[in-house]
Amino acid sequence: MKRKMSPAMKKAWVRFGVLSLFALIFVFFALFASVLAPFDPLESHYADMLKPPSTTYLFGTDQLGRDLFSRILYGGKSSLLIAFAVTAIISTVGILIGTLAGFTGGFFDNVLMRFSDMLMAFPGYIFTIALVSFIGIGLPNMILAMSLTGWTYYARISRSLVLSVKNNVYIEQARLGGASRTRILLVYIIPNVLPSLLVNIFQDIGGKLLTISGLSLLGLGSPPPTPEWGFMLSEGKNYMYSAPWMLIFPGLVILVSVVIFNLLGDCIQDLMNPKENVW
């Protein structure tokens, strides 16, 4: 007999599909910014300075006559690139360290967790600001600074998940069946840990976008004139009353992108929730 999907699961899958579509649209515009942008984002048109939104300039122009729509498209490439790169680095390193620490235990576990405790004692955002100020601005330095502290969060979560899984009955059966430690880790533990971490990974993308925008707003992001969403907000704050579109459109893009990735993480959590996953 064919089982029917519950109404809750149908709604969850619809939400997941819609949010995934919006996320893919953002990624598509960022990847093909050079094709979709109607103007060069670095080219100045002094005759068109601070023009309001129109059919020629969809989002208006900035104080140098540069097209805001084109700059937002190119800014998405750098902002999303940094967010995805940092999230990929810290999640990979953190999951690897936390999984090994929780699985091996003993001295290795104590050393790694005390080191992560030391890093977590510093506020991550303040530490990132101090590090970027010390090593200099730029995309590689920003990625490095955000990655040095971000992995501790994933290490802690993955370690706790491994500790809750490794003493289960099926792990003991695999061990009694002659499975090696490597096979137990790769086949039985990691596949049961990763789904729970996917929620945190998707939600962390939105958090990293906010961090990147905050650093750029403080002048610690991509060096000018490179278009970046946070830096565009920093430029627009000086024209809040005379050209409000310089603040509105970059702010809306940041808001919508962060909300989409956060809701996408919540939707994945609903799909993996055994109480909601009813057929």
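Structure notes:
- Consider the range 136-154 and keep the residues that are of a type in the set (Gly, Ala, Ser) and surrounded by fewer than 16 Cβ atoms within 10 Å (Cβ to Cβ). The one that is modelled with the lowest pLDDT is Gly138.
- Scope the range 24-39; condition under 13 Å from Tyr57 (Cβ atoms) and surrounded by 14 or more Cβ atoms within 10 Å (Cβ to Cβ); matching residues: Ala37, Phe39
- Residue match in the range 79-96 (condition: part of a loop (DSSP other than H, G, I, E, B) and either in contact with a Leu (Cβ under 8 Å, 6 or more places away or on another chain) or buried (at least 22 other Cβ atoms within 10 Å of the Cβ) (or both)): no
- Residue check for Ser133: in contact (Cβ under 8 Å) with a residue 60 or more places away in the chain, over 30 Å from Arg181 (Cβ atoms), among the small types (Gly, Ala, Ser) and crowded, with 21+ Cβ neighbours inside 10 Å: no
- One residue from Leu209, Leu247, Leu233 being touching a residue at least 60 places away in the same chain (Cβ under 8 Å) and crowded, with 16+ Cβ neighbours inside 10 Å: Leu209
- Pairing residues of the range 52-78 that are at positive phi with residues that are among the basic types (Lys, Arg), at Cβ distances under 8 Å and at least 6 apart in sequence or on separate chains, gives Gly60/Lys51; Gly65/Lys51.
- Test: residue in the range 111-130 that is in a loop (DSSP other than H, G, I, E, B), buried (at least 16 other Cβ atoms within 10 Å of the Cβ) and touching a residue at least 40 places away in the same chain (Cβ under 8 Å): no
- Failed condition for Tyr188, given (1) of a type in the set (Phe, Trp, Tyr); (2) surrounded by 14 or more Cβ atoms within 10 Å (Cβ to Cβ); (3) at pLDDT 85 or above: (3)
- Check on Ile137, assigned to a loop (DSSP other than H, G, I, E, B) and out of contact with any Phe, Trp or Tyr (no Cβ under 8 Å at 6 or more places or on another chain): yes
The values are calculated or read from the model by the stated rules, or taken from the named source; none is laboratory data. No experiment lies behind these values; they were computed from the predicted model shown. Every residue, glycine among them, receives a Cβ derived from its backbone with ideal geometry; neighbour counts consider all protein chains shown.
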